[in-house]
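Asks: Take this structure, written in structure tokens, and hold onto it; I'll ask about it next.
The values are calculated or read from the model by the stated rules, or taken from the named source; none is laboratory data. Since we're looking at a predicted model, the values are computed, not measured. Note that each Cβ is placed from the backbone with ideal geometry, even for glycine, and that neighbours are counted across all protein chains shown.
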Amino acid sequence: MSKRLLAACALIALAVAPVAAQPRTPPPAQTQAPAVPRVERGQLVLENVPDTPPAIRERLRQYVNTRGASFQDFTPDGGILISTRFADSSQIHKVAMPMGDRTQLTFYTDQIGGASVRPGANAFAFVKDAGGDEFYQRYLFDLATGRVTQFTEPGMRNTPGVWARDGRLQAYARASKDSGDYDILVVDPSNPASRRVVLDGKGAVTPLDWSPDGTQLLLDEGVSVTKSKRWLLTVATGALRELTPELNVAYDGGEFTADGRSVILVSDEGSDFARLVQLDLATGARTLLSPATLNWDVEGFDLSRDGRRIAYTANVDGASELHIIDMRLRSATRELPAPQLPPGLIGGLGWDEAGVKLGLTLNSATSPSDVHVYDLQTRQLTRWTQSEVGGLDPRSFVEPKLVRFPTFDSATGGPKEITAWVYEPKTPGPHAAIINIHGGPESQARPSFSSTIQYWVNELNVAVIVPNVRGSTGYGKTFVDLDNGMKREDSVKDIGALLDWMGGQRQSFDMSKVVAYGGSYGGYMVYAVMTMYPERFAGAVDIVGISNFVTFLENTSGYRRDLRRVEYGDERIPEMRAHLQRISPLTNASKIRRPMFIVQGFNDPRVPYTEAEQMLAALRRNNVEAWFMMAKDEGHGFAKKPNQEAQREAETLFFQKIVGTR
């Protein structure tokens, strides 16, 4: 399996009660706002949210019940492990043959992920948290007996781990709740008492791979999206060596070659884009493995266990492109035939033990994620899963088109254009429109399957625009940095430029019926555009959004606070604190005039629930119509199906009220 730890490490803990984020700065007293009845329905806390008519609930249920499957690993008997959902949350399943039955192995309330098979054994490790608190615990699942053993320490945040080549040990990182420093541990998962610290770490360090002889660990230290470091740790002594201290670059991933003399990395050294490179550990020499002419990011890779082959994907204008190279051949001839795949996103790359079969997850705008296996010897691509789409007709799903529009500052040195994916109903326009702003901000809107967007387009008859404002990934490191620190509001102005472009497409968009929608950083963007362009939106839906940068940075979990300061600015510096207060939506909440719907998870460790509560109180004081939904058993977004259904139902009613969707 690929050692890239992606955000899929987000999955979860021991059977303990959900832990709410504890704010250091208390929210404003709610008694300052006009009283609105707050009711509880199961795990949901609601204000102003009406009951859902049965017809809406029934139709929406089909869209919520679409499901996808993602590749996890190959099993020793030739099957595969996948993650998919049959009940309320994603669990680990085994599939013995192509298109075979999906045999569920884990049965937890909270979602499971990060399954990796133990080398030489009939077992796998996985991660789980409790109620979205992101205090992940690691477990060993014995495929022969079904027994599960927790091998990490409760009360700590533990990262996904990496197996030693012989399967005896696993290495992982852990941090306490209020610390941004991670320790590196090794353990025999069959014997949790063997757990020991091999490095008292500083910063966000995490293991990527074991050397073939099991004596060293390759470590990642994340500083920001545009800067990271790579270290070698000698396990027996704790000795550390930084690999390229002279470079100021961003790395991604890392795997030892079979002889242990080099590591394979993704690096943006000397380029605006991330490229695949080989780093010689003795000399420090770097060899470019991906084409020098590839002016797009390499986004993920996996090296076969024997070191002969590397599979990697490139993000080409939002779509994934698969490449396979043979490391034994000269650079000019090492590219091997790759399967012809439909346009979409490719993830979860992982070779089998023999380095002959490549597992992957394929997703497109009109088809949910499914698992495929490519056999390099026969050059056959075989589909292993076919995920259900809730009884809907897949032919009704809408394919987006990629558009480009000029920025507000293109004539004065800013980026020339911003991209956006546009989904339009098949009925004649103009249509009401939802501007769906992605989170991150170090993320990218891509043409992946979204049952929510397909529901909006097909059932509500609205257009959906998903932009990549400055600060998004996928368009080079220069573009990523364009919204940092004092430049934060430039990304908000990109939405103003999008509104201008939409205004020139009158046949497509009804500009009196535009809604802002987004979560996390996209939630901040929603609040911000509602203060900067209060008359250009009919309303907005904000999900786990930042309302005040200062209180957010003070109250977010310690494990991520320093990383966020690099992006947003350090609130401890007086000049930056004043800037953050000035641009924070809460400071400017009096400018909001149109209805808002705020959605929040009570256990959110990233954006504490107090960010939602203080904005809700401000809207109430200003007599702005506000709907509110908070789930007591969720964190940074809703992961459980019943809560997702409730959110989508309420959003439908909100849209119907403010823009008159059908």
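Asks: Quick one: count up the residues across region 568-597 that are within 23 Å of the chain's Cα centre (by Cα) and farther than 27 Å from residue 647 by Cβ.
Replies: 1
Asks: Same structure, new question: Only one of 612, 617, 639 is under 26 Å from the mean Cα position of the chain (by Cα), part of a helix (DSSP H, G or I) and in contact (Cβ under 8 Å) with a residue 24 or more places away in the chain; which?
Replies: When all the criteria are applied, what remains is 612.
Asks: A further question follows. Being small (Gly, Ala, Ser) and not assigned by TED's automatic domain parsing to the domain that holds residue 80 is true for just one of 410, 367. Which residue is that?
Replies: Result of the check over 410, 367: 410.
Asks: Looking at (1) touching a helix residue (DSSP H, G or I) at 6+ places or on another chain (Cβ under 9 Å); (2) surrounded by 19 or more Cβ atoms within 10 Å (Cβ to Cβ), which one does residue 561 not meet, given that it meets all the others?
Replies: Here residue 561 meets the rest and fails (2).
Asks: Now for a different question. Please state which one of 107, 86 is closer than 19 Å to residue 149 by Cα and free of Cβ contacts under 8 Å to residues at least 24 places away in the same chain.
Replies: Being closer than 19 Å to residue 149 by Cα and free of Cβ contacts under 8 Å to residues at least 24 places away in the same chain holds for just one of 107, 86, which is 107.
Asks: If you take the residues in region 102-123 that are hydrophobic (A, V, I, L, M, F, W, C) and over 26 Å from the mean Cα position of the chain (by Cα), which one is surrounded by the most Cβ atoms within 10 Å (Cβ to Cβ)?
Replies: Applying the filter and picking the extreme gives 123.
Asks: Here is a follow-up. Are any residues in region 196-218 more than 24 Å from the chain's Cα centre (by Cα) and either more than 28 Å from residue 259 (Cα to Cα) or not in a strand (DSSP E or B) (or both), and if so, which ones?
Replies: 200, 201, 202, 211, 212, 213, 214, 215
Asks: Okay, moving on. Looking only at region 233-262, which residues are closer than 13 Å to residue 281 by Cβ, touching a residue at least 12 places away in the same chain (Cβ under 8 Å) and either of a type in the set (Gly, Ala, Ser) or surrounded by fewer than 18 Cβ atoms within 10 Å (Cβ to Cβ) (or both)?
Replies: Matches in region 233-262: 234, 242, 244, 254, 259, 260, 261, 262.
Asks: So in region 375-411, with the set limited to residues that are among the small types (Gly, Ala, Ser) and part of a loop (DSSP other than H, G, I, E, B), which one is surrounded by the most Cβ atoms within 10 Å (Cβ to Cβ)? Even if it seems obvious, please write down each step before you answer.
Replies: If we filter region 375-411 for residues that are among the small types (Gly, Ala, Ser), which is where we start, we get 387, 390-391, 396, 410-411.
In the following step, the residues that additionally are part of a loop (DSSP other than H, G, I, E, B) were identified as 387, 390-391.
Working: 387: 20, 390: 16, 391: 10.
Ranking the qualifying residues of region 375-411, first place goes to 387.
Asks: Do we have residue 494 as crowded, with 23+ Cβ neighbours inside 10 Å and in a helix (DSSP H, G or I) here?
Replies: So residue 494 passes the test.
Asks: I've got another one for you. Working only within region 160-195, note down all residues that are more than 19 Å from residue 135 (Cα to Cα), part of a loop (DSSP other than H, G, I, E, B) and of a type in the set (Ser, Thr, Tyr).
Replies: Result: 190, single match.
Asks: Scan region 512-532 for residues that are more than 20 Å from residue 583 (Cα to Cα) and buried (at least 17 other Cβ atoms within 10 Å of the Cβ) and jot them down.
Replies: 513, 514, 515
Asks: Sticking with this one: Could you please tell me which pairs satisfy a Cβ distance under 8 Å, a separation of 6+ or placement on different chains, a first residue in region 521-546 that is over 19 Å from residue 636 (Cα atoms), and a second residue that is part of a helix (DSSP H, G or I) and of a type in the set (Asp, Glu)?
Replies: 528/489; 532/489
Asks: Give me a count of the residues in region 65-83 that are without any contact (Cβ under 8 Å) to a residue 40 or more places away in the chain and over 17 Å from residue 353 (Cα atoms).
Replies: The number of residues fulfilling the criteria is 1.
Asks: Looking at 89, 83, 70, which is the one that is modelled with pLDDT under 95 and within 21 Å of the chain's Cα centre (by Cα)? Spell out how you get there, then give the answer.
Replies: Details: 83 fails: modelled with pLDDT under 95; 70 fails: modelled with pLDDT under 95.
Exactly one of 89, 83, 70 is modelled with pLDDT under 95 and within 21 Å of the chain's Cα centre (by Cα), namely 89.
Asks: Could you figure out which of (1) assigned to a loop (DSSP other than H, G, I, E, B); (2) out of contact with any His (no Cβ under 9 Å at 6 or more places or on another chain); (3) buried (at least 18 other Cβ atoms within 10 Å of the Cβ) isn't true of residue 422?
Replies: For residue 422, the failing item is (1).
Asks: So residue 138 clears everything in (1) crowded, with 24+ Cβ neighbours inside 10 Å; (2) at pLDDT below 95; (3) of a type outside the set (Phe, Trp, Tyr) except one condition, right? Which one?
Replies: Against the list (1) crowded, with 24+ Cβ neighbours inside 10 Å; (2) at pLDDT below 95; (3) of a type outside the set (Phe, Trp, Tyr), residue 138 comes up short only on (2).
Asks: Can you name the residue in region 473-486 that is part of a helix (DSSP H, G or I) and touching a Lys or Arg at 6+ places or on another chain (Cβ under 8 Å) and is also nearest to residue 314 (Cα to Cα) among such residues?
Replies: First, pick out the residues of region 473-486 that are part of a helix (DSSP H, G or I): 477-483, 485-486.
Then keep just the ones that are touching a Lys or Arg at 6+ places or on another chain (Cβ under 8 Å); that gives 479, 482-483.
Numbers: 479: 18, 482: 22, 483: 24 Å.
Among them, the one singled out is 479.
Asks: Let me ask something else. Looking only at residues that are under 21 Å from the mean Cα position of the chain (by Cα) and modelled with pLDDT under 95 in region 425-443, which one is surrounded by the most Cβ atoms within 10 Å (Cβ to Cβ)?
Replies: That would be 441.
Asks: Now for a separate question. Which of the residues that make up region 279-304 are of a type outside the set (Asp, Glu) and crowded, with 17+ Cβ neighbours inside 10 Å?
Replies: Answer for region 279-304, where residues must be of a type outside the set (Asp, Glu) and crowded, with 17+ Cβ neighbours inside 10 Å: 279, 281, 286, 289, 290, 294, 296, 298, 300, 301, 303, 304.
Asks: Out of all the residues in region 620-629, is one or more closer than 30 Å to residue 156 by Cβ and in the same structural domain as residue 486 (by TED's automatic domain parsing)?
Replies: Within region 620-629 (the criterion being closer than 30 Å to residue 156 by Cβ and in the same structural domain as residue 486 (by TED's automatic domain parsing)), the answer is no, since none of the residues qualifies.
Asks: May I pose another question? Is one or more of the residues making up region 476-483 among the acidic types (Asp, Glu) and surrounded by 19 or more Cβ atoms within 10 Å (Cβ to Cβ)?
Replies: The answer is yes; a qualifying residue exists.
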